[in-house]
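Colleague: Would you mind keeping the following structure in view while I ask a few things?
The values are calculated or read from the model by the stated rules, or taken from the named source; none is laboratory data. All figures in this text were calculated on a predicted structure; none of them were measured in a lab. Note that each Cβ is placed from the backbone with ideal geometry, even for glycine, and that neighbours are counted across all protein chains shown. In case anyone asks, the SASA skips ligands and DNA or RNA and just uses the protein heavy atoms, side chains included. Shrake-Rupley method; radii C 1.70, N 1.55, O 1.52, S 1.80 Å.
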Amino acid sequence: MKTSIIIIDDHQLFREGVKRILDFESSFDVVAEGDDGSEAMDLVETHKPDVVIMDINMPNMNGVEATKMLVNRYPETKVIILSIHDDENYVQHALKTGAQGYLLKEMDADALIDAVRVVAEGGSYLHPKVTHNLVKEYRRLAADEGADRDSVHTIEIRRPLHLLTRRECEVLQLLADGKSNRAIGETLYISEKTVKNHVSNILQKMNVNDRTQAVVLAIKNGWVEVK
């Protein structure tokens, strides 16, 4: 079955660009578009989509307010927030209201497609740059909570070769660096499809649902460096 999608963004040109990217995927079906949060409620009521892609800054009702209402009324519908803000406060606020995804508007087409697929399947997806910022904040808070700062930053990195292959360890480190699948492929001189296979294997072996969880777990275990 196709994944049904509604796009809510008050900038028509940007909205049309997102729709054009999604229309290339045969498994996606953009069923409606709107330009503010209040309209989103009516469109979701009519179409019952699998995924709503929602701009965070809109007139009348912003994306965070609309997401909170949508999640309460239609828990089966998943929401991906679109934003220009990579600050962790924006991200955490959006996630607390029930959004399953957070993408920056500087995203590439592959990130958009990956996000819709992951969220539609019940996972969560954060833009790689956002993931990296959250990881850095996590390390800062960990240092503030009691560990000596110098010891936090000089911790010995132990690659999880008991669990992952050497190549998968390299991919995991690049995920922690905030790299997209395309950027990882360019760094390692491998195809993007191969990167996706590596990421899938990493998630399965680490028993996590998404790349953000994988990075956080890797940091806790001292498997990756945070730059």
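Colleague: Working from Cα positions, state the angle (0 to 90°, nearest 10) between the long axis of helix 128-144 and the longest principal axis of the chain.
Modeller: 50 degrees
Colleague: Using a cut-off of 12 Å between beta-carbons, work out the net charge of the residues near residue 32 (Lys and Arg +1, Asp and Glu -1, residue 32 not included).
Modeller: Residues close to residue 32 contribute a combined charge of -3.
Colleague: Can I ask one more? Considering Cα pairs under 8 angstrom that are at least six residues apart, work out the relative contact order of the chain and quote it in whole percent.
Modeller: Normalised by residue count, the contact order of the chain is 14 percent.
Colleague: Using only the Cα atoms of the chain, what are the Rg and Dmax in Å?
Modeller: Rg then Dmax for the chain, in Å: 18.3, 56.
Colleague: Now for a separate question. If I build a Gaussian network model for the chain, linking alpha-carbon pairs within less than 10 angstrom, which residue out of 112, 95, 161 has the largest mean-square fluctuation?
Modeller: Highest fluctuation among the options: 161.
Colleague: Still on this structure, I have one more. Which Cα, out of 214, 13, 3, lies furthest along the positive dipole direction of the chain (beta carbon charges, K/R +1, D/E -1)?
Modeller: Of the listed residues, the answer is 214.
Colleague: Whole angstrom only: what separates the Cα centroid of the range 3-18 from the Cα centroid of the range 19-67?
Modeller: 7 Å
Colleague: Through the Karplus equation 6.51 cos²θ - 1.76 cosθ + 1.60, θ set to phi - 60°, convert the phi angles of the range 164-169 into ³J(HN,Hα) values in whole Hz; use x for Gly and Pro.
Modeller: 10, 6, 4, 5, 5, 5
Colleague: Helix 109-120 versus the longest principal axis of the chain: what angle, 0 to 90°, nearest 10, using Cα atoms?
Modeller: Compared with the principal axis, the helix lies near 80 degrees.
Colleague: Hey, another quick one. Send over a whole-number figure in Å² for the accessible area per residue of the chain, probe 1.4 Å.
Modeller: Counting only protein heavy atoms, the per-residue value for the chain is 51 Å².
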